[in-house]
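Since every read-out is calculated from the coordinates, none of them should be taken as a lab result. As the structure is a prediction and not an experimental result, all values here were calculated from the model. Please note: Cβ atoms are built from the backbone with ideal geometry, for glycine as well, and neighbour counts cover all protein chains shown.
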Amino acid sequence: MLMTMKNISQQFNSRFEPFKALLIYRHDEAGEISRFQSNEPQTQIYVESYDIGTNGKPVNAHPLSVKEMGALAELLQTSQDLKGGYLKSRGLLPLNVLYVNQQGNGYAVWHSPPREVTLFFTADLNIPSGKFKIPAMVWKADAEHLSVYALKGKQRPAGNTALQHAPYLNIYNSGQVCMGTVNIAISKTECLEDFMSLWEQYFFNSQFSHSISGNHSSRTNTTDLWRTLAGTGRDFPQEELIKTGYTLKQIIV
């Protein structure tokens, strides 16, 4: 893939305007010697605030006000939340969580048991939307991308558990989900529980529209399979699952 670097300084300047500048003064001095204080250098800090005039130059120098300190503290707290709150559990780690990486973009891996859910299909597929029994699943997601896999049985997967292709439409052979026009709105402040819940809602509340893998996500033609299961209330047939060639350990990278 060919990538080019662009000078975005003009674009940046057209969207953002400076309005405040802070100048921080520091003064180091020797501390007074007493019973309670050692003779170590003492540092005093003074913060001066400037407004930015229409010509882009700092004006109206004044000590940092209480209101400005409050706004600055709120901004710094937001930055701290972005750094530490993303993918952090509210309490004890949920039992269905398999792996969490909070570094960089961050991602989580979790599983869900066989269950009944509502699936939606576009009208041209001639598959009635409604309640369906689905197999156990493994989910892997960051704030922008989702991959899903299926599992045989009901047990919590281990590192060497073989992953099956998720037997749905709109999924690549790699397991990555094509979300189409779904507007993904997951912020970098989401706690782990909300993160997982949001991704499952996005997946199940969107419409399945087409096969990316040539209807080979199951042993039977995948579109035909869901058409056959519609309205029956049957458990998902385990024999329809196909191995991906991955184990759980291999997708936790």
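Here are a few things to note about the model shown:
- Karplus-derived 3J(HN,Hα) values for segment 142-152, using 6.51 cos²θ - 1.76 cosθ + 1.60 with θ = phi - 60°, are 10, 6, 10, 10, 10, 10, 10, 9, 9, 10, 8 Hz; glycine and proline are entered as x.
- A straight chain from ILE52 to HIS210 at 0.36 nm per residue would run longer than the Cα-Cα distance by 51.4 nm.
- Contour excess over end-to-end distance, with Cα ends at SER89 and GLU193 and 0.36 nm allotted per residue: 36.8 nm
- Projected label points at ASP124 and GLN176, each 7 Å from Cα along the beta carbon direction, are separated by 2.4 nanometres.
- Ranked by how many other beta carbons lie within 10 Å on average, peptides 217-224, 44-51, 114-121 from highest: 217-224, 114-121, 44-51
- Candidate cross-link partners of LYS243 among the lysines, defined by an alpha-carbon separation under 30 Å and a same-chain spacing of 8 or more, comprise LYS131, LYS133, LYS140, LYS152, LYS154.
- LYS67 versus ARG234: modelled label distance in nm, points set 7 Å from Cα along the beta carbon direction: 7.0 nm
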